[in-house]
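In what follows, a structure is listed as structure tokens, so that the remarks can point back to it.
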Amino acid sequence: MKKVLLFGATGSIGKQTLDIISRFRDRFTLLGISGKSRLDNLLEISERFRPPLIALPDEESVSYLAERLSYKPEFFVGDEGLSRMASEPSADVAVVAISGIKGLIPAYYALKTGKRVALANKESIIGGGFLLLSCSQTSGGEIIPVDSEHSALFQLLQKYGESSLRKVYLTASGGPFIDWALEDLEKVTPELALKHPTWKMGEKITIDSATLMNKGFEVIEASVLFNLSPERIEVLIHPQSTIHALVELVDGTIFAHLSKPDMRLPIAYALFYPERPTLDVADLSFNPSLTLNLFPPDFQRFPCLALAYSALKLGHPYPLILEASDEVAVPAFLEGRIKFTDIPRVLEKTLNEFTIRYKPSTVDEILAFHEEVKNFTEEMIKSL
Ligand code: NAD
Ligand code: MG
């Protein structure tokens, strides 16, 4: 029986992880959960799975849950609580499904204490991937990516690894605006941008999918996780989200990874690896309407993608700056403070104008640096 810590239990990935755990109750038990808000949902999850450990943002949330729960778990509070629960020695796996840079905390401490980390949180890889990798090398911990394209690449690279690899391709649905004229993108509303054609996800990542910033982040993620130079990573638009990644070998042969777009597949893969579980949640049917299109992206229409390549080439801490700035630009768009097409403008301005006084190299430094970039972006948006 594997003991699982689930960080971000109330989110989109969190819920799908609970679905997998409930299908395999004989294999996994929920040792701990964390969540930031939606306390009623956390209450429900706790009663259903009875995790003995619960991490919450503050004492108020602790009282709220403690008064209503039918059992007495151990509570962990705040950022320190995240690191302490992640370090819990009896846990085998930590699923890190928190959104935002705070995901770095549980990812780092779970790896440091030698655990497997099923890593959905991409911000931590973008901003502190070097730290996570070096930490896992010394501790014996391991990262199994949950982001679907990286799970696909991880699986392909197991078979067609290093020596014969020429390059990799990540696919992008292209989002809801792939067919829009460039000049119409100005008129995109939050409501339209929140309608993702193929995936159901949290709000932030849905907007990032519409700008293709998400794919840009994933290029950075792939570079860090698989030690690939930017030139060896290409993006292909693939509106059906059925092919998740491809690898091209030195003789020109290409292998692709296909599945229905359902995050439960990569989540289950990361939990079971190297075993493959029997699952029937997302079988792909080759019905007559299934067509598969793949074509290169238009970098002019999606400047965020180009910004990601630039940041990656510049190296640490530019990807961190880009990601932090986006964490401010996306809510500003959702709140109607900036236009859809202002998102890349804000990000580019931050990349160009934020003064780097030091290269953050620890978890605390990365979090503090991230906060500084967010403040800078916030001020800049006000002055627009
Ligand atoms: P979400 O917004 O649905 O859920 C986020 C979860 O994290 C919630 O449980 C929330 O309470 C918790 N959380 C947020 N901020 C926190 C903080 N500061 N401290 C503690 N907990 C906090 O997000 P999501 O769509 O599930 O995405 C989670 C992560 O997985 C993101 O990094 C995202 O980029 C990545 N990801 C998601 C998908 C997807 O299909 N949803 C796919 C690939 C990667
Ligand atoms: Mg993805």
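The values are calculated or read from the model by the stated rules, or taken from the named source; none is laboratory data. All figures in this text were calculated on a predicted structure; none of them were measured in a lab. Backbone-built Cβ (ideal geometry, glycine too); neighbour counts: all protein chains shown. Calculation scope for accessible area: heavy atoms of the full protein, side chains included, ligands and nucleic acids excluded. Shrake-Rupley method; radii C 1.70, N 1.55, O 1.52, S 1.80 Å.
Looking at the structure I just gave you, is Leu65 over 25 Å from the mean Cα position of the chain (by Cα) and open to solvent by less than 30 Å² (accessible area, probe 1.4 Å)?
Details: over 25 Å from the mean Cα position of the chain (by Cα): yes; open to solvent by less than 30 Å² (accessible area, probe 1.4 Å): yes.
So Leu65 passes the test.
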Point to revise | Conditions (1) touching a strand residue (DSSP E or B) at 6+ places or on another chain (Cβ under 8 Å); (2) within 27 Å of Glu275 (Cα to Cα): number failed by Asp19 | key: (1)
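Here is a check on your reading of the model: is Tyr71 in a helix (DSSP H, G or I), open to solvent by 10 Å² or more (accessible area, probe 1.4 Å) and of a type in the set (Phe, Trp, Tyr)? Break it down stepwise before answering.
Numbers: in a helix (DSSP H, G or I): no; open to solvent by 10 Å² or more (accessible area, probe 1.4 Å): yes; of a type in the set (Phe, Trp, Tyr): yes.
Criteria not met by Tyr71.
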Review point. Do you know which residues across region 16-38 are within 13 Å of ligand 1 (Cβ to nearest atom) and either of a type in the set (Ser, Thr, Tyr) or buried (at least 17 other Cβ atoms within 10 Å of the Cβ) (or both)?
Key: Gln16, Thr17, Leu18, Gly32, Ile33, Ser34, Gly35, Lys36, Ser37
Point to revise | Close pairs from region 124-151: first farther than 13 Å from Asn227 by Cβ and surrounded by fewer than 20 Cβ atoms within 10 Å (Cβ to Cβ), partner among the charged types (D, E, K, R) and modelled with pLDDT of 95 or more, Cβ under 6 Å, at least 6 apart | key: Ser139/Lys112; Glu142/Arg116
Review point. Is there a residue in region 227-240 that is part of a loop (DSSP other than H, G, I, E, B), open to solvent by less than 50 Å² (accessible area, probe 1.4 Å), more than 15 Å from ligand 2 (Cβ to nearest atom) and small (Gly, Ala, Ser)?
Key: yes
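For residues that are part of a helix (DSSP H, G or I) and buried (at least 21 other Cβ atoms within 10 Å of the Cβ), scanning just region 1-15, find the one that is nearest to ligand 2 (Cβ to nearest atom). Explain how you work it out, then say what you get.
Initial filter on region 1-15 (part of a helix (DSSP H, G or I)): 12-15.
From what is left, the residues that are buried (at least 21 other Cβ atoms within 10 Å of the Cβ) are 13-14.
Working: Ile13: 11, Gly14: 16 Å.
Taking the candidates together, the pick is Ile13.
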**Study point:** One residue from Ile125, Ile54, Ile33, Ile20 being outside the structural domain of Phe154 (by TED's automatic domain parsing), outside any loop (DSSP other than H, G, I, E, B) and closer than 18 Å to Glu142 by Cα
**Key:** Ile125
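Quick check, is Tyr309 among the hydroxyl-bearing types (Ser, Thr, Tyr), closer than 22 Å to Ile101 by Cα and open to solvent by less than 50 Å² (accessible area, probe 1.4 Å)?
On the way: among the hydroxyl-bearing types (Ser, Thr, Tyr): yes; closer than 22 Å to Ile101 by Cα: yes; open to solvent by less than 50 Å² (accessible area, probe 1.4 Å): yes.
Yes, satisfied.
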**Study point:** Single unsatisfied condition, Lys2 versus (1) in contact with an Asp or Glu (Cβ under 6 Å, 6 or more places away or on another chain); (2) farther than 18 Å from Pro266 by Cα
**Key:** (2)
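Conditions (1) within 21 Å of Pro331 (Cα to Cα); (2) within 15 Å of ligand 1 (Cβ to nearest atom); (3) open to solvent by 40 Å² or more (accessible area, probe 1.4 Å), marked per residue:
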residue: Leu170; (1), (2), (3): no, yes, no
residue: Asp179; (1), (2), (3): no, no, yes
residue: Lys187; (1), (2), (3): yes, no, yes
residue: Leu194; (1), (2), (3): yes, yes, yes
residue: Gly202; (1), (2), (3): yes, yes, no
Exercise for review: Within region 55-73, count every residue that is under 15 Å from Gly8 (Cβ atoms) and either more than 12 Å from ligand 1 (Cβ to nearest atom) or in contact (Cβ under 8 Å) with a residue 40 or more places away in the chain (or both).
Suggested key: 1
Point to revise | Failed condition for Thr341, given (1) among the β-branched types (Val, Ile, Thr); (2) farther than 30 Å from Leu111 by Cα; (3) open to solvent by 40 Å² or more (accessible area, probe 1.4 Å) | key: (3)
